[in-house]
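The values are calculated or read from the model by the stated rules, or taken from the named source; none is laboratory data. As the structure is a computational prediction, the values presented were derived from the model and not from experiment. Heads up, the Cβs are rebuilt from the backbone with ideal geometry, glycines too, and the neighbour counts pull from every protein chain shown.
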Amino acid sequence: MVNVDTVYQRVLALANKEQRGYITPQEFNLFANQAQMDIFEQYFYDLNQFGRAPGNDTLHSNPLDILEEKIAIFHNSREITKGYDGFNLPSDYYRLMQVRAAHSEQMHVEVEKMTHRELLVAQNSPLTKATLERPTYYLKGNRLHVSPDKVVTLHVNYIKAPKKVNWTYVVVGEKALSNPDANAGYQDFELHPSEETKLVVKILQLVGVTLKDYNLTQVAIQKEASKIQQEKQ
């Protein structure tokens, strides 16, 4: 995890440098969550790109391994049961990895993913029709529809979305100070610790736009481009 108070203090110090302006805790929380999701979602674009590139045998320097390590933080699994209209995925679901039908404690059969149209076509043939030994599913929104209907329990492996960042505070002498024990729900960034600088840079970009300080935005963009180039070399 990345400490949210550390990032807040760094952003505040840089934004206030040369009297550039002040960012409120409410604005910071908004920008922090946007920055976290931008970085998180970029993992999957980079995963696709690095997956096509030659690997690097140097220990701890293969970009694909580094990405996998960052994404591993968000791996999760859960057992879900059939509801009125299919299987509702967990509320923190972001991307599915594997679905298995749990016929018993000892037996789990992988469920094949299909589009709705493919499933309808498959159901018309005895050779391709879904069975308990070869079940299928299609995804609609955050709900799974599984064939055959007799499947009532699934075990899903998935990537969860990061929790919403929340820098909570208490006002002392007209100054907002970090208050991790607040009832409002203090929450650090869930990203890998190595992402701290990237978070600061991305939040600064958003701060620069808010303060209409395009020099600050430009500096942040240049720092981000430099870091990305370094990571991808």
Test each condition in (1) β-branched (Val, Ile, Thr); (2) in the same structural domain as VAL109 (by TED's automatic domain parsing); (3) more than 30 Å from GLN98 (Cα to Cα) for VAL172 and report the one that comes out false.
(2)
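Given the condition in contact with an Asp or Glu (Cβ under 9 Å, 6 or more places away or on another chain), assigned to a strand (DSSP E or B), assigned by TED's automatic domain parsing to the domain that holds GLN36 and modelled with pLDDT of 85 or more, answer yes or no: does some residue in region 137-145 qualify?
Start the filter on region 137-145 by keeping residues that are in contact with an Asp or Glu (Cβ under 9 Å, 6 or more places away or on another chain), which leaves 137-138, 143, 145.
Next, only the ones that are assigned to a strand (DSSP E or B) stay: 137-138, 143, 145.
Those left that are additionally assigned by TED's automatic domain parsing to the domain that holds GLN36: none.
Scanning region 137-145, I find no residue that is in contact with an Asp or Glu (Cβ under 9 Å, 6 or more places away or on another chain), assigned to a strand (DSSP E or B), assigned by TED's automatic domain parsing to the domain that holds GLN36 and modelled with pLDDT of 85 or more, so the answer is no.
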Of all residues in region 65-87, which are farther than 28 Å from ASN48 by Cα and of a type outside the set (Lys, Arg)?
GLU79, ILE80, THR81, GLY83, TYR84, ASP85, GLY86, PHE87
Being surrounded by 22 or more Cβ atoms within 10 Å (Cβ to Cβ) and not in a helix (DSSP H, G or I) is the filter; apply it to region 188-209 and report the residue that is nearest to the chain's Cα centre (by Cα).
LEU191
For region 147-156, check the following and say yes or no: at least one residue is without any contact (Cβ under 8 Å) to a residue 24 or more places away in the chain, exposed (fewer than 12 other Cβ atoms within 10 Å of the Cβ) and either in a loop (DSSP other than H, G, I, E, B) or among the small types (Gly, Ala, Ser) (or both).
yes
Which of the residues that make up region 154-184 are within 23 Å of the chain's Cα centre (by Cα), among the small types (Gly, Ala, Ser) and farther than 20 Å from GLU41 by Cβ?
ALA184
Name the residues in region 132-161 that are within 22 Å of MET107 (Cβ to Cβ) and among the small types (Gly, Ala, Ser), would you?
SER147
Odd one out for LEU139 among (1) in contact with a Phe, Trp or Tyr (Cβ under 8 Å, 6 or more places away or on another chain); (2) closer than 30 Å to ASP38 by Cα; (3) surrounded by 13 or more Cβ atoms within 10 Å (Cβ to Cβ); (4) touching a residue at least 40 places away in the same chain (Cβ under 8 Å)
(1)
Looking only at region 67-113, count every residue that is without any contact (Cβ under 8 Å) to a residue 60 or more places away in the chain and aliphatic (A, V, I, L, M) and tell me the total.
8
Need the failing condition index for LYS232 against (1) at pLDDT 60 or above; (2) closer than 30 Å to TYR93 by Cβ, just the number.
(1)
